[in-house]
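Following: one structure in structure tokens, then a few remarks.
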Amino acid sequence: MNDCKIAVIGLGYVGLPLACLFSTQYKTVGYDINSSRVEALMNGHDSTMELDDASLRNAIQNHGLRCTSLLEDIKNCNFYVVTVPTPVDEQNRPDLTLLLKASEEVGKVIGKGDIVVYESTVYPGMTEEECIPVIEKVSGLKFNRDFYAGYSPERINPGDKEHTVEKIKKVTSGSTPEIADMVDAVYNSVLVNGTHKAPSIKVAEASKIIENSQRDVNIAFMNELAKIFNAMGIDTHDVIEAASSKWNFIKLSPGLVGGHCIGVDPYYLIQKAQVYGVLPRIMHASRRLNDGMGAYVANQTIKCMNKKGVRVKDAKILIMGFTFKENCPDIRNTKIVDVYDTLLEYTPNITVYDPWADQEKTEKEYGIHVLNKLAEDQYDAVILAVAHSQFETIKLQNLVREGGVIYDVKGVLPREWVDGRL
């Protein structure tokens, strides 16, 4: 598409880097309903820290990227890319509100011959069964006659500065063979490692779901092993190191499964599978196990405190880290909340320290005050919950009172420092 004019709808962790990348080859407009977010981006700052200020300013000043919250500004585009979040509700049911709203917006601006490509995580069939009918209704256009569609699942890993968007090999697909070729060509033109063209939109959708569901199941297995070996008094990490000496052993570690992908995506396939009369027992069990690990970490810490004679009631406890992963400001679906809530049943004296977390966002979303500067104090227990690089220079022993407890969720501290680890 030599005359391709791209609109990226949703300028979060996925959409903004993609818009910047497309702008190197095509006229690109980024659209987001959050006007304050748009204003900050046009001033050259990305609060998600997926893009550094210099890269963002370069895209705006040298490649002509424009960000807007006005729908009319994307009306002249002909290649629409939807990258809005697809979360789950409190009952872990897929919440399609943002996706369907974005489809309505596309319907208001899409024209004859245009293409809309979805990147948001969905269950197989959602693009054509849920999203396209919305566009048809709003636009009055006929799918695969007047406009076309594609699906290219996002593979952004928040905080990962190695597997950045231009280096990711992308799966692409289209609603007709010709459109599939066109979508593939557009993505191929900006990617270092090329694409994999799937035979259908449903195959592309399914590929995204199983990428993260596979990791969820594998991590659940490691978490179950950690529970078993901890009960036996065996160090799980020692077991993993020993087993890793075999050439075909897949080395994974136990941990808290949060974020917007691994802890969410499986629910989309679980729901859709049940529509077809299939109960995905392994995926269900994995989700339950992984969702319970925050409470398990808290209870293991309390167990360590009891063993050392540390009074649990009203104890002072420090949790180091709140974001869902290291060196990243993303607090979506963080499982540190479960650690905090479980400990709160025993003591109100819980301090959370995380230099990466946005204080206002954590207060608003979770009702938890997070310190961005470590208080000079001593605690009855310290939990290393997230392995931020800033924590490497902190001597945790100085933060713990004599006889206190250090619990290492990530398994990164010297063994002689800790009283327990996952």
In whole Å, largest first, what are the principal axis extents of the Cα atoms in the range 176-296?
60, 37, 24
In the chain, carbon and sulfur make up what percent of the accessible area (probe 1.4 Å)?
50
Local electrostatic count at A315 - Lys and Arg +1, Asp and Glu -1, tallied over other residues with Cβ under 15 Å:
+1
Between N349 and N76, the FRET efficiency computed from the C-beta separation at R0 = 60 Å comes out, to the nearest 0.05, as 0.55
How much length would be gained if the chain were fully extended between D146 and N306, taking 0.36 nm per residue of separation minus their Cα-Cα distance, in nm to one decimal?
50.8 nm
Count charges around P266 for me, please; just the other residues with Cβ under 12 Å from its Cβ, Lys/Arg as +1, Asp/Glu as -1.
+1
What residues qualify as long-range amide H neighbours of R332, i.e. H under 5 Å apart, gap of 5 or more or another chain, H built at 1.01 Å from N?
F324
If packing is taken as the average count of other Cβ atoms within 10 Å, what order do 390-397, 319-326 fall into, highest mean first?
319-326, 390-397
From DSSP H assignment alone, runs of 4+ in the chain each adding -39500 (n - 2.57), the sum over residues rounded to the nearest 500 puts [θ] at 222 nm at -11000 deg cm²/dmol
Selection from V337, L18, V106 lying farthest towards where the dipole of the chain points positive, charges on Cβ:
V337
Using a Förster radius of 60 Å, what is the FRET efficiency between E129 and W417 based on their Cβ-Cβ separation? Nearest 0.05, please.
0.65
Starting from the Cα of K108, step 7 Å along the direction of its Cβ; do the same at W247; then give the gap between the two resulting points in nm.
6.0
Rg over Rh [alpha-carbon atoms, Kirkwood Rh] for the chain:
1.01
Can you tell me what share of the DSSP beta bridges in the chain is antiparallel? A percent to the nearest 5 is fine.
5
Considering only the other residues whose Cβ falls under 12 Å of the Cβ of A19, what net charge follows from Lys and Arg at +1 and Asp and Glu at -1?
-2
Quick one: check the C-alpha center-to-center distance for the range 264-333 versus the range 207-228, whole angstrom.
13
0 to 90° range, to nearest 10: angle between helix 177-188 axis and the chain longest Cα axis
60
In whole Hz and in residue order, list the ³J(HN,Hα) couplings for the range 148-155 that follow from phi through the Karplus curve 6.51 cos²θ - 1.76 cosθ + 1.60, θ = phi - 60°; x for Gly and Pro.
9, 9, x, 9, 9, x, 5, 10
Spacing of the two label points (7 Å from each Cα toward its C-beta) at E166 and A231, in nm:
5.1
Calculated from backbone phi, Karplus (6.51, -1.76, 1.60) coupling profile of the range 58-72 in Hz, x at Gly/Pro:
4, 5, 6, 7, 9, 10, x, 4, 10, 10, 8, 10, 9, 4, 4
Quick tally, 1.4 Å probe accessible area for E129, E360, E402, sorted with the most first, runs E402, E360, E129
³J(HN,Hα) across the range 159-170 via Karplus (A = 6.51, B = -1.76, C = 1.60, θ = phi - 60°), whole Hz, x for Gly/Pro?
x, 7, 9, 9, 8, 7, 4, 6, 9, 6, 7, 9
In square angstrom, what is the accessible area per residue of the chain with a 1.4 angstrom probe?
46
Heavy-atom accessible area ranking, 1.4 Å probe, most first, across K170, K112
K112, K170
Checking the a/c ratio against 1.5 first, then a/b against b/c, what shape does the Cα gyration tensor give for the range 20-85?
oblate
Keeping all protein chains in position, work out how much accessible area H369 exposes to a 1.4 Å probe, and write it in Å² to the nearest 10.
110
Prolate/oblate/rounded call for the range 284-422, Cα gyration tensor, a/c under 1.5 rounded:
rounded
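The values are calculated or read from the model by the stated rules, or taken from the named source; none is laboratory data. It should be emphasised that the depicted structure is a prediction, and the values quoted were computed from it without experimental measurement. Positions of Cβ are generated from backbone atoms using ideal geometry, with glycine treated the same way; all protein chains shown enter the neighbour counts. Note: areas computed on protein heavy atoms with side chains; ligands, DNA, RNA excluded. Shrake-Rupley method; radii C 1.70, N 1.55, O 1.52, S 1.80 Å.
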